Structures are given as structure tokens and as C-alpha cells.
Amino acid sequence: MAGSVPEDAPPGRVAASARRTYDDPMTTRILLPILVLAGAATGGSAQTVHTLIAGPTTVAFGHYDPTKPPVLRIADGDIVEVTTMLTSSPTRLADMGLPSAEVQPELSAIYDQVTDRGPGGHILTGPIHVEGARPGDVLEVRILDVDFEIGYGYNGCSGFLRDLCDAERRSRLIRIDRRANRAEIAPGIEVPLAPFFGSMGVAPPPDSGRVSSNPPGQHAGNMDNPELVAGTSLFVPVWVEGALFEVGDGHAVQGDGEVNQTALETSLRGRLRFVLHRGASLEWPRAETPTHWILMGFDPDLTKATEIAVRNTVAFLQERTELTRGEAYSVVSMACDLRITELVDGNVGVHVMVEKALIGG
């Protein structure tokens, strides 16, 4: 696997992952949970492992929808082995030079058979209904494994500064060396890979209706956060019964910002464990890595997204310590890193990296 942890690991048990390397691959370590919980997590040691393969009957094409019927029902604590499709059509892949024999049959079937599409363009596997999840709960998604389904990906050019694209603005096919976990992303530029799901989220609040898969928000969704590799956890507020989780937009590697619109886009497979925290009262998504907590903000305006992320961080520090609001704000300024998650998805993203050592784990 490109990155993996034992399926019975508690939150934060980790293995190495290429760009975001946290520990020796033969070593694990237990981390403190990110949330100060109002209720206990109910995911116990007993668990069922489900398999969910992306195909015409198991995907949501371009949306998160609070009324969409689930394709899988699972219990709190269960593991789902899931596959996802890259965000491109067989026709576009052929235009990039991909031989027809290498197009995934499932991708062709999805484009042939799925007519309920949009308003976004991502193929998301799901929704997954987590039994017992209710509004006011928090769904923790423990990312146990992420690996490649195919030996190629692509990068398309548009995004933040379109004038910097080549004149033809063509998408480029990029081969992935799965054995070495590397890819040559430009002539003479070879990088290690760190696969992650660019989009992971739940259904938005019911009054939102169907929302595009493009912009991230309080339901998480298309965050494009390259920190969320194997060994990390995502925490998302639940807005509808069952949560209705979806996952997709596989990335082999991506820089913060994703400035030309795309990462190295590819199809992935992974193992995800779902744990409910009842009544945990979370407004925005959070995440945990072996070394950091991650607090997020999304908005069409970069200044507003930054404000949301900073305010979430100050509130988080106050949850974990006895700091005043002003003291917590000063800690953010002096000791935390603000990063641009992405600039190209309608809602831009900012996330704050809070080192665990700052406040004792």
C-alpha cells in the first residue's frame, strides 16, 4: 500500500506516507483525539468490513445531496474498502493519448449509464449511511489505507492564473510508478507521491438542497487538503440522519493551493473506518495528523476563509487550554502556520496547522 495503518488502530495510529511522512513505516504511535467530546465515541472493537466499488449504481455524479438514497448502510465503527474514479471521461483520456484498453471499465459504464449529473463534475462513491448518525453528532473518518487503482493520472490547466497555461491548455497524461511510488510530473521533475482523496464529505444541511461537488464547505467535500493521507483522521459535523458520506477526487500528489485547477488526478482505493462522536457539537470540519491538528475555513473570499480558520483555531485552543481569547490569538500568530488549501473551487480554503507539542499533545 502507498500508505496504511492497522484496521483496528485507534485514531491517529500511523504509517509513513511519501510527501507527508510522519513515522517510520514499522512504527506506530497513539495520538490524542482532536475533539473535546460532549459524548463518547461509540465505535467499538467489533466491526464489519464492507466493500464498495465505484460503478453506475454506487456513485453520486457531481453533487452532495441531503435527499439522495444511500448505496451502503454501515454501523458505527465499521470499515469500508472503497474505490473511486478519477475526474475525467474516457473521451478526454483518449484525447490525452491513453490507450482504450487502459480505460477503467467502471468509468466507461458510469459515463454510459449515469444521467443524474451535476451541478459539479466529480464522481463520488456513495452516499454511505452511518446508522445512528444524527444532526449534532460528529463523524470521524479514519483514513487507514490509500493506494492506486491505475498506473496513470492527468493534470489539466485552468485555475487561478489561466494565462500561465500553455496556449492550448491541454490536459497531460502522467504515468505513475506504483512500485516506486513516484511520478515524473514534468520533464526532468520526478516527485514522491502521497495519495489522498481530494473530496470527502457528508450531505449538507437539508435547507441547502443539492450542492455542487466543486466547492468545499461545512459539510467538508472538495477540500483538496494534501495532509489527509493514510494515518490521519477527518472530523465532520453531521447535518442529516445517517450523515450520507461520499468520497472521490483521488489525487496522487498535490501542492497546497492546487493553483492550476488540478493535482495529479487519478483513481484510488482505500480503507476508511467510520466512528461516531455523539453530541460533539462541531461547526466546521477539523482534521488530525500524527503531529498536528488542522482547523479549516472555506468561503468565496480568501480573507473571510482565513478569518473562519483563525477563529476556529482560537476556539479550539481555548477548548484545550485555559488560555484567554487574546492569548490564544497570539499563539496562532507566533506559533501556528496558515496555509492556502486551494484557490480554485469556488470556495477557497485556508487551514491552520497547530503543532500538538504546543499544548502537550
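Read the figures in this text as sums done on the coordinates, not as results from a lab. As the structure is a computational prediction, the values presented were derived from the model and not from experiment. A quick note on method: Cβ atoms are made from the backbone with ideal geometry, for glycine too, and the neighbour counts reach across all protein chains shown.
Work out the length of the dipole vector of the chain about its Cα centre, built from +1 on the beta-carbon of each Lys and Arg and -1 on the beta-carbon of each Asp and Glu, and round it to the nearest 20 debye.
In total the dipole reaches around 180 debye.
Starting from the amide H of VAL348, placed 1.01 Å from N in the peptide plane, find each other amide H under 5 Å away whose residue is 5 or more places distant or on another chain.
ASP299, ASP301
I'd like the GluC sites (Glu not before Pro) in the stretch 226-287 restricted to DSSP loop residues with at most 14 other Cβ atoms within 10 Å, sorted by number.
Filter output for the stretch 226-287: GLU283.
Just to be sure I understand the model, the point goes 7 Å from the Cα along the line to the Cβ. What's the resulting ALA101 to VAL259 distance in nm?
In this crude label model, ALA101 to VAL259 measures out at 4.0 nm.
Looking only at the stretch 47-146, where both bridge partners belong to it, what percent of the DSSP beta bridges are antiparallel (to the nearest 5)?
25 percent
Can you give the FRET efficiency for ALA186 and MET334, using 1/(1 + (r/R0)^6), R0 = 35 Å, r = Cβ-Cβ distance, to the nearest 0.05?
For ALA186 and MET334, the calculated efficiency is 0.40.
Report the one residue of HIS219, ALA167, PRO205 whose Cα lies farthest in the direction of the positive end of the charge dipole of the stretch 130-246 (charges on C-beta: Lys and Arg +1, Asp and Glu -1; origin at the Cα centre).
Result: ALA167.
Along the charge dipole of the chain, which of GLN104, HIS251, TRP293 sits closest to the positive end, that is, farthest toward it, with unit charges on the beta carbon of Lys, Arg, Asp and Glu (+1, +1, -1, -1)?
The residue sitting farthest along the positive end of the dipole is TRP293.
For a quick check: with amide H placed at 1.01 Å from N, whose amide H comes under 5 Å from LEU72's, ignoring anything fewer than 5 positions away on the same chain?
Placed amide hydrogens put HIS129 under 5 Å from LEU72.
With a Förster radius of 22 Å, plug the Cβ-Cβ distance of ARG172 and THR91 into 1/(1 + (r/R0)^6) and report the FRET value to the nearest 0.05.
Between ARG172 and THR91 the formula returns 0.85.
Connecting C-alpha atoms closer than 10 Å in a GNM of the chain, tell me which of GLU131, GLU168, GLU327 has the biggest fluctuation.
Sorting by GNM fluctuation, first place goes to GLU168.
Are there cysteines in the chain with no second cysteine's Cβ under 4.7 Å away, and if so, which?
CYS336 - these cysteines have no disulfide-compatible partner (Cβ-Cβ under 4.7 Å) in the chain.
Among 274-281, 188-195, how do they line up by average Cβ neighbours within 10 Å per residue, starting with the highest?
Per-residue Cβ counts within 10 Å, averaged per peptide and sorted highest first, yield 274-281, 188-195.
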